[in-house]
Structure formats: structure tokens, C-alpha cells
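Structure first, then comments.
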Amino acid sequence: ELMFSAVPEIYWAAVDGAKMEQVIDNLISNAIKYSYPDTQMQILFEGNKTRWILEVKDYGIGISPKVQDKLFREFYRGENAINSNITGSGIGLLIVKNYVSLHGGTIHCISRENEGTSFKIDIPFKETTASDVHQQTEITPLPILCDAEHLTDSSRKKMSLLIVEDNGDL
């Protein structure tokens, strides 16, 4: 079970969205890979005027202190994945560390064997303005094909579609 908590619920900060998506994806994938079936994982977000913190926490097998020293090295893979059918290259946490560093942040791992693991990233706040968001976000009409004969007048008025994409090439 994946639980998510955010304080505040809405938080705007300037980040490289693609890189942060990879960071979050890797941390969640690892939490799943090293967790027992039917356990809980938590994603906790906290943001304020100076920094934002994202923590991905599992209650799985944990990481030994010896292995924790190797986590952010290239091509290192844990041998004890519960869900070993989820494969990886062994460079995920190195990429995570590098992407977090590019944002001026840090990443820390706290783990106890047979209790679970927490990865916490701490990134300084960088302000984004409405004009930044507007410049990076283009709203493009998308043609939608539908059977107009089956639409009532009231449903025609209620229908709307908004597509927001921050990649100009797309």
C-alpha cells in the first residue's frame, strides 16, 4: 500500500521536472523491490520558504550498514531484493544522487535491517514565477473525434479537455 502525505498540498518550486520524475520513480521502485508483500510504503513531502523535503519510506528488509556505504556507487545492486523480477542496472541511486546534487540538494539513507529504509532528499527552494510556468507550459488544442449524434445539448456544454505539457517539443 502506497501512502502519500504533502504539507502544503500545493507547492511551487523551480525544478527540472524530468530529472525529479526519475528521482521519485527510482526511490519508489526501490521501496517496492525491497519490501515484503502486503506492507506499506510512504511518500512524505514537506515544503517551506527555504527548502523542500521528500521522503520515501518502506517497512521492508532494510539495508545493512556495510551495504549503505555502497548505495550511491555505480553499478552496485543489492543482492537481497524481495521482488527480484523488478530488474535494474545498478546506477539508479547514483543518478538520483547526481540529480539531487544538480538541484543543490542532498540525499540521506536511514535504514535498519528487517525494519525498513527511508531515503530523504532535501532541496533548497528556488522560486518560480507565473511567467516561468506560462513560458514552459503550452496549451494546444487537441482534435477529439466523437459521435456527435449521441451528445445531448447539456453534455456538449459540459465537455472540455485541457492538455498541459511542459516539453515544447511534444
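Things worth noting here:
- Just so you know, in segment 10-31 the residues that are under 29 Å from Glu115 (Cα atoms) and buried (at least 17 other Cβ atoms within 10 Å of the Cβ) include one that is modelled with the lowest pLDDT, and it is Asn30.
- Considering (1) under 12 Å from the mean Cα position of the chain (by Cα); (2) of a type outside the set (Val, Ile, Thr); (3) open to solvent by less than 40 Å² (accessible area, probe 1.4 Å); (4) farther than 14 Å from Met3 by Cβ, the lone condition that Gly47 does not fulfil carries the number (1).
- Every listed requirement among (1) touching a strand residue (DSSP E or B) at 6+ places or on another chain (Cβ under 8 Å); (2) closer than 17 Å to Ile91 by Cβ; (3) not in a loop (DSSP other than H, G, I, E, B) is met by Ile43 save one, (2).
- Lone qualifier among Ile123, Ile53, Ile95 - being within 24 Å of Pro8 (Cα to Cα), touching a helix residue (DSSP H, G or I) at 6+ places or on another chain (Cβ under 7 Å) and either among the charged types (D, E, K, R) or modelled with pLDDT of 55 or more (or both): Ile123
The values are calculated or read from the model by the stated rules, or taken from the named source; none is laboratory data. This is a predicted model, so every value here is computed, not measured. So basically every Cβ, Gly included, is an ideal-geometry build from the backbone, and we count neighbours across all protein chains shown. When the accessible area is computed, the model is the full protein with side chains, heavy atoms only, and any ligands, DNA or RNA have been set aside. Shrake-Rupley method; radii C 1.70, N 1.55, O 1.52, S 1.80 Å.
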